[in-house]
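Taking it in order: structure first as structure tokens, then the write-up.
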Amino acid sequence: MTLNNELKNWYVTNFKMFEEGLNGESKSKFHLVRKDALSKFRELEFPTTKDEEWKYTNISPLLNYNFRQPVSIRLKPEQIEKYLFSTKDFITLVFVNGFYDESLSSVPKEIKGLTVKNLSAALKENSPICEKYLSRFAPYQSSIFTALSTAFVKEGTFVHVEKNAVIEKPIQLLYLTATGENIITNPRNLFVIENNAQVKIVEIHKSLEENVNFTNLVTEVVVEGNAIVEHVKLQDENLKSFHISRLEVDLKKSSNYASYNVSIGASIARSDINARFNDEGGECTLNGLYLAHENQLVDTHTLIDHAKPHCNSHELYKGVMDDKSRAVFNGKVMVRKDAQKTNAFQENKNILLSDDAVVDTKPQLEIFADDVKCSHGATIGQLSKEGLFYLRSRGFSEELARTTLIYAFASDVVHSISISEVRDKLEEMLAEKLLK
Amino acid sequence: MLEIKNLRVAINGKEILKGINLKVNKGEVHAIMGPNGSGKSTLAQVLAGREEYEILEGEILFEGKNLIEMAPEDRAREGVFLAFQYPIEIPGVSNTNLLKNALNEIRKYRGQEPLDAMEFLTLVKKKMPIVEMRQELLSRSVNEAFSGGEKKKNEIFQMAVLEPKLGILDETDSGLDIDALRIVANGVNQIKNENNAFVVVTHYQRLLNYIVPDFVHVLQNGKIIKSGNKELALELEEKGYDWLKEHEAEFVAAK
Ligand SMILES: Nc1ncnc2c1ncn2[C@@H]1O[C@H](COP(=O)(O)OP(=O)(O)OP(=O)(O)O)[C@@H](O)[C@H]1O
Ligand SMILES: [Mg+2]
């Protein structure tokens, strides 16, 4: 406990430095939220495995470090090129060590109906949208990591798509950590998509070096009536890093949100994903893939809240676990009393490639309405012996047969991504990882 | 080409094959018939290298090489092909992908260059008419949502592309309608030549009207209890297996 307090004091002290760096912005309204979040951060405790929500995920390794505020460094375009999709075809925002790098980014001067910029710029301009929504959905009162994020909100991506605007070019967000041992970044995203608007967003989290870093990410997404959002996230940080992320999605009438969450890196990767149907007719897809090896731990907690009738949710999470890695999947689907005509489908499938890998999977359906169609299932298995024999009987080496089956199992999750460049790249990356 | 000597095989401690002897020369077609559970599929799977079976005794020589010591993939690369009684579905792996990898693994083993995409496509196009294979099936996942007949057709199509020396057909005819049976059997006849050989497991004479066997063997309770020419199949069709049992009993009693 004292250790925890010392650690909290460390971040509180760092907050003073952070505050000084804000200059005039510390006078903004939002700064009051930061301060409130900081005081909540002080009150809250870091979770232990005694907390139901963290039962299988012991984060004490993360608490062994005093993560420092990052310093900005400059990278050359050549150094990051290979992590980006074509800047011609994508609107591009690049963050290095948590800082927006304008020279590496490529944001067209004007796209009708779209505002996309560094969050800190939006805050400086006192954007009313930011004021209205930022921190409204992510509960810093109850989550210590979200409190930490909220206290340190500065850089990140603000996307606002106006009514009826259909943004053809996908937006790519590249969050890199480079030089710097034991740094923490708190990237913060706010996406607000107004009525009938459409947008596609891809986030990539990547470390360029083998330092122990901590990414504490929070993303809030507001999907207004009839809007359509596709959101892909690739977390490919180094195997020493920590990645804690929260995604909050607020779905309005007949809106459609799809998330593809691919988690490959980090020693401990924890995602909390919460989607709420706040009106009728919504569609929500949560797809995810985690690949883990060595001693990685990947933990996904999702909650789909069917608060209103006539909504469909579709969730598919797959995992491929090797060595001594460990996965936790906790998928909750809540169907409230009024939410008649709900369709909710959830599936978690895992393949264990080693005897030492472990998966704890817990689908939870809580249904309070009676006229609903809900299904859920979880499987943990090995590669099919019959499948392996079939391929080998056709001449495949044992290794090729194994990797072919693993690739087929895993790549299925990303097949429905509509941005072909992103789908192809992810498939290629999976093939490279799995068919080595 | 293939010589099986006194093969005894068990699974889960239960002896299934109890001393099989069989010799297949190139250019020949051997039919294996016999009641359910007599061990026909066991024999087929053992030849293809299924590892769950325990070889208690005996030898399997393929072109003079000891098959028992060989991994399934090496058997395939040497030229053994099994058309499965129950072909499995492999979601996420397209038929084209399977064939291309299989072909190139086999070619690599034989010291040949891999086929490039164009050469491969040309080859596949050439083979498609053999079993009237539809293009649409090729781009789908292996056997996924294929009808029973399409699965069987697909096995023969793979055989046409991979050109094995020995084709083992495990009840390829079961589940086929009359037209499909004719197409598949004609396919096998087109693949057949003086340098390859086939072992055809079947319950029905009607397949053997198309694929005419040089020899017919009756497998019962893990043993080949009778061998003969194609007339034997006709006789079995007429009289059933019980006739053979009586026959055998008489045979034993007379001694
Ligand atoms: N894994 C197993 N464990 C125990 N017994 C098995 C196993 N696999 C097969 N057998 C038994 O071996 C025997 C032979 O089975 P096999 O599949 O070879 O028969 P078959 O002649 O092909 O029959 P069919 O005509 O029905 O296809 C059967 O009695 C079957 O139950
Ligand atoms: Mg059988």
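The values are calculated or read from the model by the stated rules, or taken from the named source; none is laboratory data. Remember, it's a predicted structure, so these values are computed and weren't measured experimentally. No Cβ is skipped: glycine too gets one built from the backbone with ideal geometry, and neighbour counts run over all protein chains shown. Please note that ligands, DNA and RNA were not included when accessible areas were found on the heavy atoms of the full protein model with its side chains. Shrake-Rupley method; radii C 1.70, N 1.55, O 1.52, S 1.80 Å.
Using a Gaussian network model of chain A whose springs link C-alpha atoms within less than 10 Å, name the residue from A:Asn186, A:Asn97, A:Asn64 with the highest mean-square fluctuation.
Among A:Asn186, A:Asn97, A:Asn64, the largest GNM mean-square fluctuation belongs to A:Asn64.
Can you pull out the trypsin sites (Lys or Arg not before Pro) in the range B:62-116 that DSSP calls coil and that have at most 13 other Cβ atoms within 10 Å? Walk me through the numbers on the way to the answer.
On the way: sites: B:Lys65, B:Arg75, B:Arg77, B:Lys100, B:Arg107, B:Lys108, B:Arg110; in loops: B:Arg110.
Here the trypsin sites (Lys or Arg not before Pro) that fit, given the DSSP loop and packing criteria, are B:Arg110.
Does the range B:39-170 classify as rounded, prolate or oblate by the C-alpha gyration tensor (a ≥ b ≥ c root eigenvalues; a/c under 1.5 gives rounded; else a/b over b/c gives prolate, otherwise oblate)?
oblate
All other residues with a Cβ under 9 Å from the Cβ of A:Asn196 taken together, and with Lys, Arg as +1 and Asp, Glu as -1, what is their net charge?
Details: positive: A:Lys163; negative: A:Glu194, A:Glu224.
Net local charge, A:Asn196 excluded: -1.
Most mobile of A:Glu194, A:Glu399, A:Glu230 per a Gaussian network model of chain A (Cα springs, under 10 Å)?
Fluctuation is largest for A:Glu399.
Once the other residues with Cβ under 11 Å from the Cβ of B:Tyr86 are scored (Lys, Arg +1; Asp, Glu -1), what is the net sum?
Details: positive: B:Lys151, B:Lys152; negative: A:Glu386, B:Glu89, B:Glu155, B:Asp170, B:Glu171.
Local charge sum for B:Tyr86: -3.
P(r) for the range B:2-254: what percent of alpha-carbon pairs falls in each 5 Å bin, starting at zero?
1, 6, 13, 17, 19, 17, 13, 8, 4, 1, 1, 0, 0, 0
Which of the trypsin sites (Lys or Arg not before Pro) across the range A:1-86 are loop residues per DSSP, with 14 or fewer other Cβ within 10 Å? Walk me through the numbers before you get to the answer.
Values: sites: A:Lys8, A:Lys16, A:Lys27, A:Lys29, A:Arg34, A:Lys35, A:Lys40, A:Arg42, A:Lys50, A:Lys55, A:Arg68, A:Arg74, A:Lys82; in loops: A:Lys29, A:Lys50, A:Lys55, A:Arg74.
Taking the range A:1-86 and a limit of 14 other Cβ atoms within 10 Å, the loop trypsin sites (Lys or Arg not before Pro) found are A:Lys29, A:Lys50, A:Arg74.
Give me the count of lysine pairs in the range A:281-435 whose alpha carbons sit under 21 angstrom apart, restricted to pairs 8 or more positions apart or on different chains.
Summing the qualifying lysine pairs gives 25.
For A:Asp101, what is the net charge nearby, where nearby means another residue's Cβ is under 15 Å from its Cβ and Lys, Arg count +1, Asp, Glu -1?
Its environment carries a net charge of +1.
How high is the relative contact order of the range A:168-327? Use alpha-carbon pairs under 8 Å, at least six apart in sequence, and give a whole percent.
Values: 491 pairs, mean separation 28.3, N = 160.
Computed over the range A:168-327, the figure is 18 percent.
Please say if the range A:53-159 is rounded, prolate or oblate, where rounded means a/c under 1.5 for a ≥ b ≥ c the square roots of the C-alpha gyration tensor eigenvalues, and otherwise the choice is prolate for a/b larger than b/c and oblate otherwise?
Details: a/c = 2.15, a/b = 1.34, b/c = 1.61.
Oblate, since a/c reaches 1.5 and b/c is not below a/b.
Run the paramagnetic zone check for A:Phe368: 7 angstrom along Cα to Cβ, then residues of the range A:303-335 with backbone nitrogen under 15 Å.
A:304-309, A:333-335
Taking only Cα atoms and a 10 Å spring cutoff, compute GNM fluctuations for chain A and point out the largest among A:Met17, A:Met321, A:Met334.
Of A:Met17, A:Met321, A:Met334, the most mobile in the Gaussian network model is A:Met17.
Below 8 Å between Cα atoms, with a sequence gap of 6+, how large is the relative contact order for chain B in percent? Working shown, then result.
Details: 431 pairs, mean separation 69.2, N = 255.
With pairs under 8 Å counted, the relative contact order is 27 percent.
Under a crude label model (7 Å from the Cα following the beta-carbon direction), how far is A:Glu432 from A:Leu32 in nanometres?
Each label point lies 7 Å from its Cα, and together they span 4.9 nm.
Once a ≥ b ≥ c are taken as the square roots of the eigenvalues of the Cα gyration tensor of chain A, is the result rounded (a/c under 1.5), prolate (a/b larger than b/c) or oblate (a/b not larger than b/c)? The partial results should precede the final answer.
On the way: a/c = 1.35, a/b = 1.22, b/c = 1.10.
Because its axes are fairly even, with a/c under 1.5, chain A counts as rounded.
Which percent of the accessible heavy-atom area of the protein assembly as shown goes to carbon and sulfur, probe 1.4 angstrom? Each step should come with its number before you reach the end.
Numbers: 14160 of 29480 Å².
The nonpolar share, carbon plus sulfur, comes to 48 percent.
Roughly how large is the B-A contact in terms of buried accessible area, totalled over both chains, probe 1.4 Å, nearest 100 Å²?
Details: alone 12600 and 18780 Å², together 29480 Å².
Buried surface at the B/A interface: approximately 1900 Å².
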